[in-house]
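See below for the structure under consideration.
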Amino acid sequence: MSAADVNTPAAGPDLLTVAGLDVEYPLKGFRRKPFRALTDININIKPGETLGLVGESGSGKTTLGRAVLGLAPVTSGTITFEGNDISHASRGERRSLGKDLQVVFQDPYTSLNPSLQIGDILSEPLRVQGQEPAVARKRVKELLDQVGLPSDALNRLPREFSGGQRQRVAIARALALSPKLIVCDEPVSALDLSTQAVVLDLFLQIQRDTGVSYLFVSHDLDVVRHISHRVAVMYHGEIVEQGTSEQVTREPRHPYTQRLLLASPVPDPDRQAKRRNDRHELLEAQRKAEMSGATA
Amino acid sequence: MSMIQPDDLVGQTGTVVRSHPVKKILKNPMGLASVVVLLFMVVLAVLANVLAPFDPNFADIGKTLSPGDAVNILGTDSVGRDVWSRLVFGARTTLLSALLCAGVAIAIGLPSGLIAGYYGGKFDGVSNWLVNVLMSLPGIIVLLTVRAAVGPSVWISMVAFGILMAPGYFRLTRTAVQSVRNELYVDAARVAGLSDATILSRHIFSVVRAPIIIQTAVICGVAIAIQSGLEFLGLGDPSVATWGVMLNEGFKNIYLSPVLLVWPVLAIGLTIGALVLLGNAIRDALEDAEKIKAPKRGSNTAQAELATTRHRPERTISATVESGTEHHLVKVSHLGVGYPQADGSIKKVVDDVSFHVDRGEVLGIVGESGSGKSQTAFSILGLLPDNARIVAGSIQFDGKFTVAPTEDRVSQARLSEFRGKRISYIPQEPMSNLDPAFTIGYQLVTPMVRVLKISKAEARQRALKLLDDVGIRFPQKTFDAYPHEVSGGMAQRVLIAGAISCEPDLIIADEPTTALDVTVQADVLDLIRDLQKRLGVGVILVTHNFGVVADLCDRVAVMQNGRLVEDGDVREVLRNPKDPYTQKLLGSMLEGKEPMTMLVSAGMTAAEAAVRDDESDEKELAQ
């Protein structure tokens, strides 16, 4: 399969549309203004497409993923999944949504219940959807195969596995019901470099095989560039730039994205020295622009 | 020294050995004794019908207060009842009533604690209020009132006492649940659409299981004590044989037959003591780390094997370092670090690592998690955990040994001359390395006053200057701030200011930018580079990021599984890596790769690549 195939996701109606989304967390105290985590977010994802979401800590990128999953309070705006408004879905509606909408969290150490065996963790979503135990067992074996774990993993506990292996268990759990969209919240940032490469390959392979869409949240521009068709950049709870992966990560327009691009160091002393200079020049230019903007 | 090693001893060797909690309880003499006592009491209670020759209330008026004989082995009481039979039946009643009390307390406290902790909100508020009321009630008065109202019944008083004990379980459960309510695996269960009842029973109950068991052991002991106390006061039901009633009876006849008092006291004392000790033993088994006796370096057992296979020549402690190496700021030679395990073996985490750093030079130590890079840095700083042992090699700083060749610990006395004054440290987590109780200024000034022996006012001037040097825009404001009032990047600048405050010769930076955002990381790297150039210090930079290495380092050492696999000039290693592991790491970098292409699984599926990666990891670990 060539790279060209995967770079062109299926055309057609959007799988997920987020329009004018605001998220506010109430603060304790009488008549205190709530904390606004997200302001006027507009994104959309087509079937088989990956939208990368990049930003620094506290920029709201994780909150956006959680809002799509129903784990953050939606103040205004709509989240539409396959044509249905899921902004305020009930627990029952969530249960049926669970078939199509899944998640892989950042920390492979706390996203798996330490006291459950891998087999139980993987069959849990299947049992919720009312599958027969025998069918579920067969599916769990397939899943382990798909993420490259041995079938004797079934009766072992999460602590017996390395970080990368646990993250593959978490991916297998998300895949169990063959979802249409997986929200990936910093799925590789807790992993070592070589493990990260293995897990990224797995994400790409799964997308080629199953046509799943990803909302891929990461703070690392290199990771987002590698895995995404389109990229949205978040800053202080807003999306400041959105476009194709190529455009956003090679010729960013927003000053923040430009700073972000030049801040990530490259593994060669001389090229890094050049990048460092470019960064200093950019910062200087941006400061001047800001000053003249302020005086004007 | 010559290092001829068989293949199977190279790198990180040994495994982490843990024992099962039940085994740990039985290995603990305290735990074993309490289990034996309790088992004995339970056997008495269960087999009461078989073991007791008489009915507990059968009275032989003709034979009162008699000493022990063949028929009544422990004698009889003031109305001629057999003491042994009453003791055995008393065990049954007493233990059952203690279980009833604990059962009532758990039945009320556990579910309400689970619900209050998980949902919070109104139920939490109301139940907290109720619990506070219950806890403020004086227990003994409530029990006396209950007795006055419904009459003397062991069971009713224990139900009442159970209700009084419920708040303990409620609070325990609520706190434990609150701490896991927002764990990611609970979120994952919510996304999967599990009902709250299933989430509570499957995912949350498991965290409160252990504390509940410990609490129950203690509560049972307390219940027995309270119940016996009530009965001793004569408030119990005289028609039921319990240890408390026997105590009362014995006390009435203390002048006629003092031995009557001995048996119930013994039974009560032993049981309560055993329950409390059992609670402690369970807690130790579940929570505390095992105490392991570490073999001395070069002494017998596993260590001796290691020593012989290493062919280490006999050496005496020498204070002088190898000549020709004095000029190195730091020289680490053939360093090995290990942790003694429960079964007497040693888990090696650093093996045969050698490198040196000169003045004005930046050495990067690169490796993945578990490669031993932080352990190496910590042994230079003398900050290894207490149970760690230097199993081989030596460390010298500025021509003097901080770890001489035959020592198995870092000499704290020798190192404290250097640490803070000539060697300083920049940690990974800036926020957790500043004490939240003191202002930033205080934390900068105090070490300077102690180490540089300058006045407070002078130290204050210096601290403000340092904060300015590390690029903080309003030094005075930051000086007066508490750590929670500044951002992560700012906190890391403060720690860097602290690290250079006493004019060190060597700075050890352990992943100094890993916890920071990329844009902040770039600023902090700029800062470290400028300071290093200006002050001419030697720096050991521990990191997993080749970009950071390229940005700062002159030389680089690559570590894998406790071994140093490659070192050399930074350009040489990054451009022409010789070792396959370094090649693999650099190959995993995303920079310059074609997006949407496979990184490691060319010509196979990603799953196959993952399997192969696991296998190679296992092979490395097995080595």
Q) Looking at B:VAL520, B:VAL548, B:VAL524, which is the one that is touching a Gly at 6+ places or on another chain (Cβ under 9 Å), within 18 Å of A:SER194 (Cβ to Cβ) and either touching a residue at least 12 places away in the same chain (Cβ under 8 Å) or not in a helix (DSSP H, G or I) (or both)? A) B:VAL548
Q: Quick one: B:PRO295 ticks every box in (1) part of a loop (DSSP other than H, G, I, E, B); (2) of a type outside the set (Gly, Ala, Ser); (3) surrounded by 17 or more Cβ atoms within 10 Å (Cβ to Cβ); (4) modelled with pLDDT of 85 or more except a single one, so which number is it?
A: (4)
(Q) I need a count of the residues in the range B:200-224 that are within 13 Å of another protein chain (Cβ to nearest Cβ) and touching a helix residue (DSSP H, G or I) at 6+ places or on another chain (Cβ under 6 Å). (A) 6
Q. Do we have A:PRO26 as within 13 Å of another protein chain (Cβ to nearest Cβ), more than 20 Å from A:VAL104 (Cα to Cα) and not β-branched (Val, Ile, Thr) here?
A. yes
Q) Do we find that B:VAL262 is free of Cβ contacts under 8 Å to residues at least 40 places away in the same chain and more than 30 Å from B:GLY151 (Cβ to Cβ) in this structure? A) yes
(Q) Show the residue pairs meeting these rules: Cβ distance below 9 Å; 6+ apart or different chains; first residue within the range A:66-82 and in contact (Cβ under 8 Å) with a residue 24 or more places away in the chain and within 18 Å of B:ASP187 (Cβ to Cβ); second residue buried (at least 16 other Cβ atoms within 10 Å of the Cβ) and among the aromatic types (Phe, Trp, Tyr). (A) A:VAL68/A:PHE81
Q: Give the range A:156-171 a look and list any residue that's surrounded by 20 or more Cβ atoms within 10 Å (Cβ to Cβ) and over 19 Å from A:GLY98 (Cβ atoms), or say none.
A: A:PRO158, A:GLY164, A:GLN165, A:ARG166, A:GLN167, A:ARG168
Q: Please state which one of B:ALA176, B:ALA197 is within 14 Å of chain A (Cβ to nearest Cβ), within 26 Å of the chain's Cα centre (by Cα), of a type in the set (A, V, I, L, M, F, W, C) and part of a helix (DSSP H, G or I).
A: B:ALA176
Q. Of the residues that make up the range B:67-86, is at least one in the same structural domain as B:GLY279 (by TED's automatic domain parsing), without any contact (Cβ under 8 Å) to a residue 12 or more places away in the chain and either assigned to a helix (DSSP H, G or I) or of a type in the set (Asp, Glu) (or both)?
A. no
Q) Pick from the range A:100-155 the residues that are in contact (Cβ under 8 Å) with a residue 60 or more places away in the chain and among the polar types (S, T, N, Q): which of them is surrounded by the most Cβ atoms within 10 Å (Cβ to Cβ)? A) A:GLN102
Q. Looking at the range A:42-147, what strands (runs of 3 or more DSSP E) fall wholly within it and have at least 2 residues that are away from every other protein chain (no Cβ under 13 Å)?
A. A:50-54, A:74-81
**Q.** Residue list for the range B:423-443, filter: surrounded by 17 or more Cβ atoms within 10 Å (Cβ to Cβ) and under 23 Å from B:ILE380 (Cα atoms)
**A.** B:ILE423, B:SER424, B:TYR425, B:ILE426, B:PRO427, B:GLN428, B:PRO430, B:ASN433, B:LEU434
(Q) Taking the criterion of being under 28 Å from A:HIS219 (Cα atoms) and of a type in the set (Asp, Glu), would at least one residue in the range A:151-162 satisfy it? (A) no
(Q) On the basis of being part of a loop (DSSP other than H, G, I, E, B), closer than 27 Å to A:LEU260 by Cα and away from chain A (no Cβ under 11 Å), does B:PRO512 make the cut? (A) yes
(Q) I'm trying to understand the selection: among the residues of the range B:148-158, which are surrounded by fewer than 19 Cβ atoms within 10 Å (Cβ to Cβ) and assigned to a helix (DSSP H, G or I)? (A) B:ALA148, B:ALA149, B:VAL150, B:TRP155, B:ILE156
**Q.** Considering residues of the range A:196-247 that are among the small types (Gly, Ala, Ser) and in contact with a Pro (Cβ under 7 Å, 6 or more places away or on another chain) only, the residue surrounded by the fewest Cβ atoms within 10 Å (Cβ to Cβ)
**A.** A:GLY211
(Q) If B:PHE397 meets every condition in (1) touching a strand residue (DSSP E or B) at 6+ places or on another chain (Cβ under 6 Å); (2) within 30 Å of B:LEU585 (Cα to Cα) apart from one, which number is that one? (A) (2)
(Q) Quick check on the range B:233-248. Is at least one of its residues more than 33 Å from the chain's Cα centre (by Cα), assigned to a helix (DSSP H, G or I) and either within 22 Å of B:VAL104 (Cα to Cα) or charged (D, E, K, R) (or both)? (A) yes
Q. What are the residue pairs meeting all of these: first residue in the range B:459-470, first residue in contact (Cβ under 8 Å) with a residue 60 or more places away in the chain, second residue small (Gly, Ala, Ser) and assigned to a helix (DSSP H, G or I), Cβ atoms under 9 Å, and 6 or more apart or on different chains?
A. B:ASP469/B:ALA497; B:VAL470/B:ALA497
(Q) For B:GLU503, only one of the following conditions fails: (1) within 13 Å of another protein chain (Cβ to nearest Cβ); (2) part of a loop (DSSP other than H, G, I, E, B). What is its number? (A) (1)
**Q.** Any chance B:TYR425 is at pLDDT 90 or above and under 22 Å from A:GLY58 (Cα atoms)
**A.** no
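The values are calculated or read from the model by the stated rules, or taken from the named source; none is laboratory data. On a predicted model such as this, the values are computed, not experimentally measured, just so you know. Methodologically, a virtual Cβ is constructed for each residue, glycine included, from the backbone with ideal geometry; neighbour enumeration extends over all protein chains shown.
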